[in-house]
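Presented below is the structure to which this report refers.
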Amino acid sequence: MTQQFNAAFPPSLWEATGGDPLKTPPLQASARYDVAIVGAGYTGLSTALHLAEAGVSVCVLDAHAPGWGASGRNGGQVIPGLKYDPDQLRVMFGSAVADPLIAAIGSAADTVFDLIGRHGIDCEAQRGGWIQPTHSSKVMRALESRARQWMAEGAPVRLMDGAEVTRRIGTGAYVGGWKDERAGSLHPLKYCRGLAQAAQRLGVIIHGDTPVASLERREGGWRLHAAQGPHIDADRVVLATNGYTDDLWPHLRQSVIAANSFIVATRPLPPELGASILPGGEVTSDSRRLLLYYRRDAQGRLLMGGRGPFREPCGPADFAHLERSVALLFPQLAGVEFEYRWSGRVAITRDFLPHVHEPAAGLSIALGYNGRGIAMASTMGRCLAQRLTGQAGTLFPFPVSTIQPIPLHGLQRFYIAAGVAWYSVLDRFS
């Protein structure tokens, strides 16, 4: 068995792009821009790209390279929506607030595929839809309600019985499900780099290997002090560090749980095996609280993702639970070799909603996509750019809230362990 492993960067994504083609040198000299963005993941790069399209001068700073974090290390699933269904959001916020939010999250995948099309991003994009199956007849009733609510919003979704789910996915483990045609898949690192290259073509300056040591509020704007010495002055600042948020702004790191999402990939499957698994090119994540998510990539591999230890992975043994899941769901793959293993940090919020904060004049913060980062962070970037430029006729769809630290945040690894144990029990009983 091939046991390539790198906790710092997933070799599958790194090698598939042939190394880093981007020119993102560290910050060497101080400069001034209209907007400075900390974080070169999906949120930061989408914000920068949309700002540049509006004629705003932008600088993006990242402690590593664009896509180094979970934006380059995820399962490549582009899924609209959030944990909550439209009716739940209307109960939580009222229709006046919920309706724009529902429209934004419902079109989140459209944002991604529009960016790919407009900027010619070569990232193995495919729009085959998303199947959410369930192993439980009880949970199936909830999925029926979810599908009907999105149907009422005009979304192209439909219910699937057990026979169709078995045929479309290639496993008999589920009793039914629903399909959302809005969704799709892509190569996450290639998409992230494509956003960066598109932004650079429009004049955005990106500095990698440039940790920001501190933010200083000054008359007329902000100063961002890089750890290596130079600074950036800007009228406005956007913090877009998500699952890799540090202590740059007080209490922000304590407002999310930075959980690890783990992924394994088989070798490209032989045609006779591959034809039986997701032949329509859909992506899948099931209805369990400790969900499994999986898809086929452009080379014919099966990618399987799920939760893992809170700590950074130490080796292949930390991914064994996902390899067992492949064997249980797809017994036809018995003995298949796993070629790659990687992980990335997902920012989980206490209410499972994205969080937008504006704790000081000229400072915007966005994070917490709870596993829906490709579509939601790309959409957040578009909406933030509209908000920062005051584009006429646009309504910012995300509620703006104060930063609320999670109590006893230092025990987050124990939160996750307890949550995994409890959800495992609930999944068994459901």
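Heavy atoms only, probe 1.4 Å: what % of the accessible area of the range 216-353 goes to carbon and sulfur, would you let me know? Using a 1.4 Å probe with all protein chains present, the range 216-353 comes out at 54 percent carbon and sulfur.
For the chain, a Gaussian network of Cα nodes joined below 10 Å ranks 92, 160, 140 by mean-square fluctuation, and the top entry is 92.
With all pairs of different C-alpha atoms in the average, the Kirkwood value for the hydrodynamic radius of the range 293-377 is 15.6 Å. Among the lysines of the chain, pairs at least eight places apart or on separate chains and with Cα atoms under 23 Å apart come to 4. Computed over the range 219-284, the P(r) tail beyond 21 angstrom holds 57 percent of alpha carbon pairs.
Which order do 190, 23 take when ranked by solvent-accessible area (1.4 Å probe, heavy atoms of all protein chains), largest first?
Values: 190 45, 23 165 Å².
Solvent-accessible surface, decreasing: 23, 190.
Within the chain, what percent of beta bridges assigned by DSSP are antiparallel, to the nearest 5? Roughly 70 percent of the beta bridges in the chain run antiparallel, per DSSP.
Here the Debye sum runs over all C-alpha atoms of the range 125-259 as equal scatterers in vacuum, and log10 of I(q)/I(0) at q = 0.13, 0.14, 0.15 Å⁻¹ comes out as -0.82, -0.86, -0.90. Shown for the chain are the DSSP H helices of 24 Å or more along their axis, judged by Cα atoms, with a mean Kyte-Doolittle hydropathy of at least 0.0: 412-429.
Highest GNM mean-square fluctuation among 361, 36, 96, for the chain modelled with Cα contacts below 10 Å: 96. Can you tell which of 136, 111, 27 lies farthest toward the positive end of the dipole of the chain, using +1 and -1 charges on the Cβ of basic and acidic side chains (Lys, Arg; Asp, Glu)? Checked the options; the winner is 136. With a cut-off of 15 Å on the backbone N, the residues of the range 77-104 near the modelled label site 7 Å out from residue 352 along Cα-Cβ are 81-92. Charged neighbours of residue 178, selected by a Cβ distance under 11 Å, balance to -1 (K, R count +1; D, E count -1). Solvent-accessible surface of the chain, taken per residue with a 1.4 Å probe and all protein chains present: 40 Å².
Report the extension gain between residue 299 and residue 235 in nm, rounded to one decimal, defined as 0.36 nm multiplied by the number of residues separating them, less their alpha carbon distance. List each step's numbers first, then the result.
On the way: separation 64, 0.36 × 64 = 23.04 nm, distance 4.49 nm.
Answer, rounded to one decimal: 18.5 nm.
For the chain, adding -39500 (n - 2.57) for each run of n ≥ 4 DSSP H residues and dividing by the number of residues yields -10000 deg cm²/dmol at 222 nm.
Classify the range 66-207 as rounded, prolate or oblate from the Cα gyration tensor: take a ≥ b ≥ c as the square roots of its eigenvalues, call it rounded if a/c is under 1.5, otherwise prolate when a/b beats b/c and oblate if not. Taking the square roots of the gyration eigenvalues as a ≥ b ≥ c, the range 66-207 is oblate. Solvent-accessible surface (1.4 Å probe) assigned to residue 276 amounts to roughly 40 Å².
Between residue 29 and residue 324, residue separation times 0.36 nm minus the direct Cα-Cα distance comes to 101.1 nm.
The values are calculated or read from the model by the stated rules, or taken from the named source; none is laboratory data. No experiment lies behind these values; they were computed from the predicted model shown. Using ideal geometry, Cβ is built from the backbone for each residue, glycine included, and neighbour counts are taken over all protein chains shown. In case anyone asks, the SASA skips ligands and DNA or RNA and just uses the protein heavy atoms, side chains included. Shrake-Rupley method; radii C 1.70, N 1.55, O 1.52, S 1.80 Å.
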